[in-house]
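The values are calculated or read from the model by the stated rules, or taken from the named source; none is laboratory data. What you see is a predicted model, and the numbers here were worked out from it, not measured in a lab. Reconstructed Cβ throughout: ideal geometry from the backbone, glycine too, with neighbour counts over all protein chains shown.
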Amino acid sequence: MFKPTLECLNADVTTWEIGPYYSALPGPMKLKLRLDGEIIISGQVETGFLHRGLEKAFELNSWNSSIIYADHLDSEGAVFGELAVCLAAEEIAGISPPPRAQAIRLILSELTRISCHLNYAVKIGRAVGSETFTHYVLRDREKLLDLFELLTGARFSLSFLRFGGVKADVTEGFIERVIETCDLLRVRLKEYNDLLTFNQVFLKRTSGVGQISKEQVMRWGITGPNARASGVSFDIRKTHPYSEFEKVDFHVPVSNSKGTHGGDAHDRFLIRLLEIEQSLEMLKVFADKIPSGPFLETKSGSDFKVPRGEGWIRIESSRGFLGCYLMSDGGLSPSRVQFRTPTSSNLLVIPEVVVGLKIEDLPLVLASLDLNIAEADR
Amino acid sequence: MKISVFSGIVKYFQDVYQGFRSVMNSYSAALPYVLGMGELRKEVTEQYPDPISSKTPDDLPPRSRGILFNDIERCTGCRECKQVCPSRAIEIETEIRPDTNQVWVSTFNIDMAKCVLCGLCVDACLPNSLVHTRQYIQSAYNLSELMMSFGKGPITPKQRVNWEIARRIKENDEVLI
Amino acid sequence: MNLESISTISWISLMQDQLGTSSWRIALFGLSLIYGLIILPTGAVMSYLERKLRADFHARIGPSRAGHAGIFQPLADTLKLLQKEKYSRSTWTEMLWIGFYTMAFYSIVAVMPLGSIALLVNTDMSAFLPFWAALVLAFGTMVFGLSQDSVPGWFGGVRVAAQALAGAFPAIVAILCVGLQAGGFSWSSMAAVQGASPFSWTVANPFELIAFFAFVGGGMILLGIPPLDTGLSMPDIHGGVISSLYGKRYSLFRFSRFYGFFLWSVIAVTMFLGAWILPFGLSEILRLQERFILLGSLELLWILLKTVLLMLVVSSVAQVVPRGRVDHVTDFSWKVLSPFSLLALIGYTVWIGLRTFL
């Protein structure tokens, strides 16, 4: 217990250890801060509180269960984990899903990206104290979750992709509802911009706060919208296309602000809103044109095996570069799965970005980095 | 670079005006919600459970993965679901019925506390007896209430006697015929 | 309108003639009545209305279970809060800040302008007395914040002090501005220069309009009203003075926040928005007919209605604007509100000078 009168009148540097449970943090993690008055001098991160042994669990269960475990890598964007494992297994087995399955996977992938970015907006709204914005965004995310339920049967942990395709065909009325939702979201995006994005108070809170320079991005390996907000143009859907992204015409927003405010929290927020817009464009063009045909290459029974081999696949999840390494020895379960998650490298920049911040900016900056501790700790 | 006094003052007033205007902008973006103008701005609260305004289990999409149900008459006890379950939530015990040599599923327990509603067992079920219902309410006061038992129970000696009697009657009928 | 036509008959002297007891007993009784019958119910009504307004902004329904359309929600909340226990024993610092709050509450009730009849204290410095209450509230909150044993509490306490200093300055200058127009700082003189229609309110003058914004803004900063409430808002790391409060202490704190807001709004309505002057000249009619009780109740209701409307408008700004950081808030006060309030003061002085000498 601190002695209040002594410590609070002390004009020296204070140490404050936050965590593992704290409302300002994105998940269970410890943050040791040294504060000089209100300014943070240094910060140290300690993670590992949410380690569940996910990668080991893959090795103890059958191949079919790998999809389910991959679902739980990132609870908000379940499709990305499933897609990574499926693509890696398909690379080892040398099968490629039929065109209809690829199209369905692409639609799911983009819908999940929109849903994750909306969740990010909710976190930022809560950190800044604008509850109205938070409620509007959550209401619109419900429409996307309803879409997921219509197609797959569940809202978050989809368990829809299978090795060689998808589990089932699109339901009746799904495509129409996708197009309807995209139109609605476009109207809502404009409303969000009116309400929060260019509000002067919000600009003051987020401009110039938590800046990440290009050189820091390169050094720590930050990927995804965080990197694109600092001006580094790197999107795996363009550089190493997968799942027929090369056939879709889209544009990746990159921030090009060269002033002193590049790569700040406002840029990261704006980039994600622009990405939502791009995904809506993609869906609108693509949803009508799903090729017909089978949706699954082969039906996998309970003794489905992936032949001996190794596979390494990269995809662009909503947070950045998600990589999956899969090693199989021809048995009934994978012999090693390892994920390279975007949050594990985004976390590394926290000690540098936190220096010089005021203590009140800390929740905002941590929320703006879009961290998911479940993904980092696995 | 020193900013001249005049442009400093102009910038100051511009900043104040910008701030005022952006607050008014946010206000006018949110005000229609208070006045309830338009279809897009209705209230989205759904009261639950009383009164239920929507999302009863029948309103859910047909593919919704709710609590599991096994039609025990069609179940063949093949144990495909038990092998594929990632949470090891299914327990099966079978016996052979002496008169027809069919499988009698005496124990079929699904521990819903462990089940993640992934649907692999429903996919794997060969006779299609295991299905997802659309019920989603699983709250209970004890963990033991979450164990769903569909099995027929072990074969009792009385049942064996009855089956033996039925077999003899059938044999006698066949002999007579 | 001149001062003589508005006569403020103090109800204390009226009742003293009738009842014959000493004036302090009557004053005590009157104060308790005002507190119990006016402030507490207004607090309850205001909390319900604010929650409904917030729900309207959020596209939600809001409280709808306790009674028809949720009318008894404030009662339910109060009962729930009063049942919670505190987990630590009282320390001397807690007693200190509770003492400050109590002092602030019970003394300033006497100064509130609640109509020309219910006016207890109508001195020449009435307009400045509520400042004392607001500053004491801020001081008490600072002591409370510094008495916590957590880092956010200390930060919250210091921030409250910084905000209080920053917010007091434009508010005082705005009061000076109104005093210029009214020719004095007593409530009756401020009410005397206003009429019933909005065009004869104080804010009809452009300089006084600027002073009005400076007064309301300064008050929000001084008392910590969202969205300028960095030191007192809920989330811990944002400065949370109140992060370890719950139960009876929490309800005391929340009530003090409401009380400060209410006090400030009543003063703002009195100074700027037409005070208690009833429309259609009812004030003069009733005064001539010597029906003082009816006059007093109508004026009270009228000023309470205007106050509640002003509070709703200010709290609706909180719903759409995000919270500022503490140095943005104090910057806003020192760099925007203070120059504008001084501009209003100087401008109004020049206006009066031009009108007098030309």
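Quick look at the numbers
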item	result
Candidate set from region B:126-145 (those that are assigned to a loop (DSSP other than H, G, I, E, B) and among the hydrophobic types (A, V, I, L, M, F, W, C)); member that is nearest to B:ILE67 (Cα to Cα)	B:ILE137
Subset of region B:114-134 [more than 14 Å from chain A (Cβ to nearest Cβ) and in contact with a strand residue (DSSP E or B) (Cβ under 8 Å, 6 or more places away or on another chain)]	B:SER129
Exclusive hit being more than 29 Å from A:LEU189 (Cβ to Cβ) and surrounded by fewer than 17 Cβ atoms within 10 Å (Cβ to Cβ), set B:GLU43, B:GLU73	B:GLU73
Only listed residue being modelled with pLDDT of 90 or more, within 22 Å of the chain's Cα centre (by Cα) and more than 11 Å from every other protein chain (Cβ to nearest Cβ), chosen from C:LEU304, C:LEU309	C:LEU309
A:THR197 of a type in the set (Val, Ile, Thr), within 28 Å of A:PRO26 (Cβ to Cβ) and at pLDDT 90 or above	no
Which numbered condition A:GLY125 fails, given (1) more than 13 Å from chain C (Cβ to nearest Cβ); (2) assigned to a helix (DSSP H, G or I)	(1)
Verdict on A:LEU138 being aliphatic (A, V, I, L, M), assigned to a helix (DSSP H, G or I), within 14 Å of chain C (Cβ to nearest Cβ) and surrounded by fewer than 20 Cβ atoms within 10 Å (Cβ to Cβ)	yes
Which listed residue, of A:GLY125, A:GLY129, is free of Cβ contacts under 8 Å to residues at least 24 places away in the same chain and crowded, with 24+ Cβ neighbours inside 10 Å	A:GLY129
Unmet requirement for B:ALA140, which otherwise passes all of (1) in contact (Cβ under 8 Å) with a residue 60 or more places away in the chain; (2) touching a helix residue (DSSP H, G or I) at 6+ places or on another chain (Cβ under 7 Å); (3) under 23 Å from B:ASP58 (Cβ atoms)	(1)
Residues of region B:40-97 classified as over 20 Å from the mean Cα position of the chain (by Cα), more than 30 Å from A:ARG177 (Cα to Cα), away from chain A (no Cβ under 14 Å) and in a loop (DSSP other than H, G, I, E, B), total	6
Residue that is farthest from the other protein chains (Cβ to nearest Cβ) [pool: residues in region C:41-86 that are in a loop (DSSP other than H, G, I, E, B) and β-branched (Val, Ile, Thr)]	C:ILE71
Hey, A:SER292 touching a residue at least 60 places away in the same chain (Cβ under 8 Å), hydroxyl-bearing (Ser, Thr, Tyr) and either within 14 Å of chain B (Cβ to nearest Cβ) or touching a His at 6+ places or on another chain (Cβ under 9 Å) (or both) or not	no
Only listed residue being modelled with pLDDT under 85, out of contact with any Ser or Thr (no Cβ under 8 Å at 6 or more places or on another chain) and not in a loop (DSSP other than H, G, I, E, B), chosen from C:ALA344, C:ALA318	C:ALA318
